[in-house]
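First up is the structure itself, then whatever we jot down about it.
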Amino acid sequence: MKVLHFYKTYYPDSVGGVEQVIFQIANGVADLGVSTDVLSLSSDATQQPVNLGSHTAYKAKLDLQVASTGFSLSVFRKFSALAKQADIIHYHFPWPFMDMVHLASRLNKPSLVTYHSDIVRQAFLLQLYRPLMNSFLKSVDSIVATSPNYLHSSPVLQQFRDKTQVIPIGLDKPAYPKPSQNTHDHWQQRFGERFFLFVGVLRYYKGLHILLEAMKGAPYKLVVIGAGPVEHELKAQATRDGLENVFFVGAVSDEDKVALLNLCYAVTFPSNLRSEAFGISLLEGAMYGKPMISSEIGTGTSYININNQTGLVVPPSDPLAFRQAMDHLWAHPELAQQMGREAENRYWEHFTAKRMAENYNDLYRQLLEQRNQNSSRDPALMS
């Protein structure tokens, strides 16, 4: 069986949450007899196909970028050619241009879409896009939500509840690097072993301004891993408020990140808007056995972090509540350790890459079987 993934960006041009999910799926299903191609857009028009372990990444030239949506004329032909070789087409939502390519191509192939997030920020553009979005979601054979929380809270997914199922995002812990002793010692000497940690791209919806407000006068340290669009204003806020207990270390290697995850006391995740649909960095905290503090925004973050079991969940955009949660964990180290153990147990039970790949493999084969059964009843579908 061959699967074609289609998304606006992918490795090696771009590194992000959706890219990581596609990579984990492609690697995982390879062990189950599924080969994978990935098609995305790139500003490098000369880029050749790249082999990434078990799968191949193809690029079409990015011609235009509007409101985070990439457009390409050449992708229609390339998508059609790759889709003809595939048994299953796997889309990743949201990307409005993808909807246009799918509907214009009129492919007679089983298709599914992983629904990563509602469109949150561009409310006006959403009204214009809604008819195209609904046509696209109606036309695919199956929709996958990444958590039951998001399925229940998304008004869009509720319209398509009958063909939506949940497959949580999974991570492959053995694939993460093991830090050298030198790397471990470097970060231990710098920050010690009792500090709170944030990991992620510094974007508007991550709620770092709330976390910094909560850190005023705190008796503990916060280490922030990541860079991004709001980095300068966050650093300005920390300087203005005299937050000498907050340390921005920028984007670091995976080895450094794992070392800091191993050393930290707990993971903070203050995202306050639904643009944070799942929280892969939060899941990494669970994977390394750390208690978590997150906000209730009706998305996958509260599927990863169960209040009073794997950590604490507080109201969004509430610095006082976040500070009280941090104080509580800091004052109760035995509770923090217990929550960390529960978090790691939950990771192994629900969120491994192997489990995710097996679930997608089952769905692929189910869709292909359904199409074959329908084709046997209606020979026109074979054309």
Per GNM of the chain with C-alpha springs under 10 angstrom, the most fluctuating residue out of Arg341, Arg194, Arg240 is Arg240
The farthest towards the positive end of the charge dipole of the chain, of the residues Cys264, Tyr7, Val140, given +1 on Cβ of Lys and Arg and -1 on Cβ of Asp and Glu, is Val140
Taking a ≥ b ≥ c as the square roots of the Cα gyration tensor eigenvalues, with a/c under 1.5 meaning rounded and otherwise prolate when a/b beats b/c or oblate if not, segment 173-351 comes out rounded
Note on the chain, DSSP bridge orientation, antiparallel percent to nearest 5 equals 10 percent
Between Arg161 and Asp185, the two model label points (7 Å from Cα along the beta-carbon direction) sit apart by a distance in nm of 5.9 nm
Heads up, segment 18-69 by the C-alpha gyration tensor (a ≥ b ≥ c square roots of eigenvalues; a/c under 1.5 rounded, else a/b over b/c prolate, else oblate) looks oblate
Full extension between Arg77 and Arg130 adds, at 0.36 nm per residue less the Cα distance, a length in nm of 16.5 nm
Given [x] 19.4; [y] 21.0; [z] 22.6 as possible values of mean projected area of the Cα convex hull in nm², the one from the coordinates is [x]
With the 1.4 Å probe rolled over protein heavy atoms, the chain has an accessible area per residue in Å² of 44 Å²
Length-normalised contact order of the chain, Cα under 8 Å, at least 6 apart, in percent, tallies to 15 percent
GNM of the chain, Cα pairs under 10 angstrom: of Ile25, Ile210, Ile280, the biggest fluctuation goes to Ile210
Projecting the Cα atoms of Asn51, Ser253, Leu283 onto the charge dipole of the chain, where Lys and Arg contribute +1 and Asp and Glu -1 at Cβ, the residue farthest towards the positive end is Asn51
With -39,500 (n - 2.57) per DSSP H segment of 4 or more residues and division by the full residue count of the chain, the 222 nm estimate, nearest 500 deg cm²/dmol, is -13500 deg cm²/dmol
Distance in Å, no decimals, from the C-alpha centre of segment 210-244 to the one of segment 115-165 is 34 Å
Cross-link reach from Lys221 to aspartates and glutamates, straight Cα distance under 13 Å and at least 8 residues apart if same chain, gives Glu193, Glu244, Asp327
Scoring only Lys, Arg, Asp and Glu (+1, +1, -1, -1) among other residues with Cβ under 9 Å from the Cβ of Pro319 yields 0
Taking alpha-carbon centroids only, segment 254-287 lies from segment 21-50 a number of Å equal to 25 Å
Taking the convex hull of the alpha-carbon atoms of segment 260-366 and averaging its shadow over every direction gives an area in square nanometres of 7.1 nm²
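The values are calculated or read from the model by the stated rules, or taken from the named source; none is laboratory data. As the structure is a computational prediction, the values presented were derived from the model and not from experiment. Don't worry about glycine lacking a Cβ; one is built from the backbone with ideal geometry, like all the others, and counts go over all protein chains shown. We work out accessible area using only protein heavy atoms, side chains counted, and drop any ligands, DNA or RNA first. Shrake-Rupley method; radii C 1.70, N 1.55, O 1.52, S 1.80 Å.
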